[in-house]
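The values are calculated or read from the model by the stated rules, or taken from the named source; none is laboratory data. Keep in mind that what you see is a predicted model, and the values were worked out from it rather than measured. Cβ atoms come from the backbone with ideal geometry, glycine included; neighbour counts cover every protein chain shown. With ligands, DNA and RNA removed, areas are computed over all heavy atoms of the protein, side chains included. Shrake-Rupley method; radii C 1.70, N 1.55, O 1.52, S 1.80 Å.
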Amino acid sequence: MGNYYDSAKECASREQIKAWQDEHLAKTVKRVYENVDYYREKMQTAGIEPGDIRSTDDLHLLPFLTKEDLRNTYPYGMLAVPLSDCVRIHSTSGTTGRRVVACYTQNDVDLWEDCCARAIVAAGGSKEDIVQVCYGYGLFTGGLGLHGGSHKVGALTLPMSSGNTDRQLQFMCDLQSTFLCCTPSYAAFLAESINERGLKDKIKLRSGIFGAEAWSEEMRRDIEEQLGIRAFDIYGLTEISGPGVAFECEEQNGMHINEDHFIAEVINPETGETLPDGEKGELVFTSITKEAFPLLRYRTKDICVLSHEKCSCGRTFVKMTKPMGRSDDMMIVKGVNVFPSQIEAVLMNQGYPANYQIVITREKNSDKLELDVEMTKEMFSDALSEVSARETKLISALKSMLGIYVDVHLVSPKSIERSEGKAKRVIDKRKLY
Ligand code: DLL
């Protein structure tokens, strides 16, 4: 069994990391140029030859790739190896347009699982753990990615997949799971169900890694408190491999990007210009070790900030903040940029659970932002005046956070549909007009 805290790599000096990236970037660019017609044409149009990219200092010369390019080349047009060398396909959910499929060679699967194993180890996991994986297994990368990582760590792995909460809880109690992997919204739902059923004393969970969707610090505190665990963030996207592109360490303050596999940049989404540490922009990845589906300068649409500041855990890999929304799902309401994470922070601050839904409509050219929020059982009351006082308080806190009026409806506990995977928080009806 490997040691997935690889200090030689994870704590290498910045010079060593750069030297590794320089070498692997140049090789990847050459390979992509030779094997992927679509990208070769893109490079030719930009007037770039593989020999122009000698190190990470030349990265900015390469053209960007977007989801649109992956749709144009669906399903196999971006493959850099023969299809017969691939052993696995995963896919994005494709809620907004054609699906994107990503192919993996055996080596790609191995490296991806190594990244997930690092994430588990950084969250305190080891071969002594019983890891309950309740991400969906299948085309979604969450289940199989963390499953593979857990195997590599040598932990006892429970491949539960998502859903069937009764069975999740029964196994959690009977088999004494110690480590949980699922979306933060499902972790919050499991916590709620555990408390309702009085099972808190029967569970042995001590840690968990949660990702695939945005979650706030307030939600982390809630999950940690209710489940009696430490809750770590994990980030990734199908196009770049899946979960484990970046992971939190014990500092719980930003996620280390696995820089021996992925070069990260933050760019100004309007101009494409590369931004320095500390500036907010769109995250762009270049994969430098993938065989089947290596993407160069892929625009993730995720907005974040990078930091090379020294981390107390000793890892030297650059850290990204939690994504602060997406450049494409950022809502613009009455001309104001609004992120669901801002709304969630206000809700959690006032003690509401993370069960809410945002609906945006447009009447007579004017946007309206409505927010349904579930009350906790303790808040729930038949006295209308109490509920309306609560609504007023929430409206005023949202106004000072966002600068716009939000039409808040407090609804009874459990009336908003629960999600077993990623929660659907925003319904923008304006696009339907
Ligand atoms: O969500 C991979 C994953 C699975 C990550 C399990 C973590 C855990 P996709 O379905 O392709 O892949 O969605 C990728 O989800 O671009 C982000 O917008 C969002 N996302 C992923 N992780 C986080 C996170 C998986 N920790 C898209 N916080 C990404 C906020 C996240 N957003």
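So which of V373, V284, V338 ends up being crowded, with 20+ Cβ neighbours inside 10 Å and assigned by TED's automatic domain parsing to the domain that holds D114? First the steps, then the outcome.
On the way: V373 fails: assigned by TED's automatic domain parsing to the domain that holds D114; V338 fails: assigned by TED's automatic domain parsing to the domain that holds D114.
On inspection, the qualifying residue turns out to be V284.
Within region 206-241, can you find the residues that are free of Cβ contacts under 8 Å to residues at least 40 places away in the same chain, in contact with a strand residue (DSSP E or B) (Cβ under 7 Å, 6 or more places away or on another chain) and either surrounded by fewer than 23 Cβ atoms within 10 Å (Cβ to Cβ) or β-branched (V, I, T) (or both)?
The answer is R220, I223, E224.
Can you tell me which residue among E225, E239, E251 is within 18 Å of E291 (Cβ to Cβ), assigned by TED's automatic domain parsing to the domain that holds A292 and acidic (D, E)?
On the way: E225 fails: within 18 Å of E291 (Cβ to Cβ); E251 fails: within 18 Å of E291 (Cβ to Cβ).
When all the criteria are applied, what remains is E239.
Does D328 meet the test of being over 22 Å from the mean Cα position of the chain (by Cα) and either open to solvent by 60 Å² or more (accessible area, probe 1.4 Å) or farther than 24 Å from G254 by Cα (or both)?
Numbers: over 22 Å from the mean Cα position of the chain (by Cα): no; either open to solvent by 60 Å² or more (accessible area, probe 1.4 Å) or farther than 24 Å from G254 by Cα (or both): yes.
Spelling it out, it is not the case that D328 is over 22 Å from the mean Cα position of the chain (by Cα) and either open to solvent by 60 Å² or more (accessible area, probe 1.4 Å) or farther than 24 Å from G254 by Cα (or both).
Hey, among E270, E239, E248, E265, which residue is out of contact with any Leu (no Cβ under 9 Å at 6 or more places or on another chain), within 16 Å of the ligand (Cβ to nearest atom) and not aliphatic (A, V, I, L, M)? Talk me through it step by step, then tell me what you get.
On the way: E270 fails: within 16 Å of the ligand (Cβ to nearest atom); E239 fails: out of contact with any Leu (no Cβ under 9 Å at 6 or more places or on another chain); E265 fails: out of contact with any Leu (no Cβ under 9 Å at 6 or more places or on another chain).
Answer to the selection: E248.
Going by the structure shown, is E363 among the charged types (D, E, K, R), open to solvent by 60 Å² or more (accessible area, probe 1.4 Å) and touching a residue at least 24 places away in the same chain (Cβ under 8 Å)?
When the stated conditions are applied, E363 does not pass them.
In region 267-289, which residue that is in a strand (DSSP E or B) and among the aliphatic types (A, V, I, L, M) is farthest from the chain's Cα centre (by Cα)? Even if it seems obvious, please write down each step before you answer.
Taking region 267-289 first, the residues in a strand (DSSP E or B) are 267, 274, 281-287.
So of that shortlist, the ones also among the aliphatic types (A, V, I, L, M) come out as 267, 283-284.
On the way: I267: 18, L283: 12, V284: 14 Å.
Across region 267-289, the extreme among qualifying residues is I267.
Conditions tested, residue by residue: (1) farther than 29 Å from T92 by Cβ; (2) under 27 Å from the mean Cα position of the chain (by Cα).
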position	(1), (2)
K368	yes, no
A389	yes, no
K399	yes, no
K414	yes, yes
G421	no, yes
R425	no, yes
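How do the pairs read when you match residues in region 242-253 that are open to solvent by 10 Å² or more (accessible area, probe 1.4 Å) and hydrophobic (A, V, I, L, M, F, W, C) with residues anywhere that are more than 9 Å from the ligand (Cβ to nearest atom) and not in a loop (DSSP other than H, G, I, E, B), using Cβ under 7 Å and keeping only pairs 6 or more apart or on different chains?
As it stands, the answer is none, since no pair meets every condition given.
Filter region 387-404 down to the residues that are open to solvent by 30 Å² or more (accessible area, probe 1.4 Å) and either over 21 Å from M375 (Cβ atoms) or touching a Ser or Thr at 6+ places or on another chain (Cβ under 7 Å) (or both) and list them by number.
Answer for region 387-404, where residues must be open to solvent by 30 Å² or more (accessible area, probe 1.4 Å) and either over 21 Å from M375 (Cβ atoms) or touching a Ser or Thr at 6+ places or on another chain (Cβ under 7 Å) (or both): S400, G403.
With the checklist (1) within 30 Å of C313 (Cα to Cα); (2) within 16 Å of the ligand (Cβ to nearest atom); (3) among the small types (G, A, S) in hand, flag the one item S55 doesn't pass.
(2)
Whether any residue in region 142-165 is outside the structural domain of K422 (by TED's automatic domain parsing), under 17 Å from the mean Cα position of the chain (by Cα) and among the hydrophobic types (A, V, I, L, M, F, W, C) is what I want to check.
yes
Which one of these is over 27 Å from the mean Cα position of the chain (by Cα) and open to solvent by less than 40 Å² (accessible area, probe 1.4 Å): A26, A80, A46?
Going through A26, A80, A46 in turn, just one is over 27 Å from the mean Cα position of the chain (by Cα) and open to solvent by less than 40 Å² (accessible area, probe 1.4 Å): A26.
Within region 35-69, work out how many residues are outside any loop (DSSP other than H, G, I, E, B) and at pLDDT 95 or above. Walk me through how you get there before you give the answer.
The first filter runs over region 35-69 and keeps only residues outside any loop (DSSP other than H, G, I, E, B), leaving 35, 37-45, 50-52, 56-61, 65, 67-69.
Going one step further and asking which of them are at pLDDT 95 or above, we end up with 35, 37-45, 50-52, 56-61, 65, 69.
Final tally of qualifying residues: 21.
Taking region 290-309, which residues are within 18 Å of N268 (Cβ to Cβ) and away from the ligand (no atom under 16 Å from the Cβ)?
Taking region 290-309 and keeping what is within 18 Å of N268 (Cβ to Cβ), we get 297-307.
S307, the sole residue that qualifies.
Hey, among the residues in region 376-386 that are open to solvent by 30 Å² or more (accessible area, probe 1.4 Å) and hydroxyl-bearing (S, T, Y), which one's farthest from E224 (Cα to Cα)? Walk me through how you get there before you give the answer.
Taking region 376-386 and keeping what is open to solvent by 30 Å² or more (accessible area, probe 1.4 Å), we get 376-378, 380, 382-386.
Pick out the ones that are also hydroxyl-bearing (S, T, Y) and you get 376, 385.
Values: T376: 18, S385: 33 Å.
Filtering first and then ranking leaves S385.
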